[in-house]
1. Quick check, is residue 176 open to solvent by less than 60 Å² (accessible area, probe 1.4 Å), modelled with pLDDT under 95 and not acidic (Asp, Glu)?
2. Does any residue of region 69-89 turn out to be of a type in the set (D, E, K, R), free of Cβ contacts under 8 Å to residues at least 24 places away in the same chain and closer than 23 Å to residue 31 by Cβ?
3. Scan region 64-82 and give yes if some residue there is at pLDDT 95 or above, open to solvent by less than 20 Å² (accessible area, probe 1.4 Å) and in a loop (DSSP other than H, G, I, E, B), otherwise no.
4. If you go through region 1-28, how many residues are surrounded by fewer than 15 Cβ atoms within 10 Å (Cβ to Cβ) and in a strand (DSSP E or B)?
5. List every residue pair whose Cβ atoms lie under 7 Å apart, where the two residues are 6 or more positions apart in sequence or sit on different chains, the first residue falls within region 27-38 and is more than 15 Å from residue 66 (Cβ to Cβ) and without any contact (Cβ under 8 Å) to a residue 60 or more places away in the chain, and the second residue, located anywhere, is of a type in the set (A, V, I, L, M) and buried (at least 16 other Cβ atoms within 10 Å of the Cβ).
6. Which one of 16, 89, 11, 77 is polar (S, T, N, Q) and closer than 25 Å to residue 136 by Cα?
7. Of the residues in region 98-125, how many are under 16 Å from the mean Cα position of the chain (by Cα) and of a type outside the set (Phe, Trp, Tyr)?
8. Do we have any residue at all in region 91-106 that's part of a helix (DSSP H, G or I) and under 23 Å from residue 149 (Cβ atoms)?
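The values are calculated or read from the model by the stated rules, or taken from the named source; none is laboratory data. Because the structure is a prediction, the values reported are computed rather than measured. Note that each Cβ is placed from the backbone with ideal geometry, even for glycine, and that neighbours are counted across all protein chains shown. Accessible surface is based on the protein model in full, side chains and every heavy atom, while ligands, DNA and RNA are left aside. Shrake-Rupley method; radii C 1.70, N 1.55, O 1.52, S 1.80 Å.
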Amino acid sequence: MKRAVIIQGPTTNYSTLIDKWGPDIIWSTWKGEESHYKDNDVVIFNDFPTERGKGNVNLQKISTINGLKKAKELGYTRAIKTRSDLHPTDFNKFISLFKEGLNIPFFHNRWDNEGYYIDYIYEGDIDLLIECFSFSNIWPSYPERTITEQIDKVYSKENIHFYGNFLNSENDLYWIKR
């Protein structure tokens with residue numbers, strides 16, 4: 001299995017992330033951020049859309065899909081999709097948590113009995129991840145809703161695996177801005 005790491009979003013933590021995610025990083029960011037990267041980096045510089053969508057969900061959609069398409073073009077079959085402000089404390093321990101299917105940190109139950117998948121870091125088959133981010137509604141009631149609905153169309157519940165409860169002090173996720 002060949003797995004890429006798609007780091008999507010603005011280039012604010014390049015120097016921190018470059019050493020945290022293993023060797024197979026594909027950056028998917030925005031035009032105008034070219035000066036942050038080295039010649040040997042694999043980077044997609046996306047056009048910034050006219051509509052960001054609710055909670056910037058359209059930005060996540062565009063940068064994720066384009067990063068995944070690049071990974072597929074390069075021969076990867078699976079990918080980790082992550083934000084540009086998160087990293088594992090131990091990459092090898094982190095990826096050891098993944099199973100076949102879609103790997104998601106948690107499901108969040110809302111007060112209104114309508115929950116959603118936490119969208120920070122997903123791992124799964126590239127083609128299916130592309131389908132998960134191929135939603136059309138960029139103005140849902142809250143951004144995670146549209147991604148959750150799309151995931152539920154693509155994956156059956158028994159093929160979704162939650163790894164969040166297996167994170168611990170030796171194998172954790174570090175959110176840079178928090």
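1. Details: open to solvent by less than 60 Å² (accessible area, probe 1.4 Å): yes; modelled with pLDDT under 95: yes; not acidic (Asp, Glu): yes.
Yes: the conditions hold for residue 176.
2. Going residue by residue through region 69-89, those that are of a type in the set (D, E, K, R) are 69-70, 72-73, 78, 81, 83, 85.
From the residues that got through so far, the ones that are free of Cβ contacts under 8 Å to residues at least 24 places away in the same chain too are 73.
Next, from what is left, pick out any that are closer than 23 Å to residue 31 by Cβ: 73.
The answer is yes, given that some residue of region 69-89 is of a type in the set (D, E, K, R), free of Cβ contacts under 8 Å to residues at least 24 places away in the same chain and closer than 23 Å to residue 31 by Cβ.
3. Scanning region 64-82, I find no residue that is at pLDDT 95 or above, open to solvent by less than 20 Å² (accessible area, probe 1.4 Å) and in a loop (DSSP other than H, G, I, E, B), so the answer is no.
4. Number satisfying all stated conditions: 0.
5. Note: pairs meeting the criteria are 37/43.
6. Values: 16 fails: closer than 25 Å to residue 136 by Cα; 89 fails: closer than 25 Å to residue 136 by Cα; 11 fails: closer than 25 Å to residue 136 by Cα.
Among 16, 89, 11, 77, only 77 is polar (S, T, N, Q) and closer than 25 Å to residue 136 by Cα.
7. The qualifying residues number 11.
8. From region 91-106, those part of a helix (DSSP H, G or I) are 91-95; that's our starting set.
Retained after the next criterion (residues that are under 23 Å from residue 149 (Cβ atoms)): none.
Among the residues of region 91-106, not one is part of a helix (DSSP H, G or I) and under 23 Å from residue 149 (Cβ atoms), which makes the answer no.
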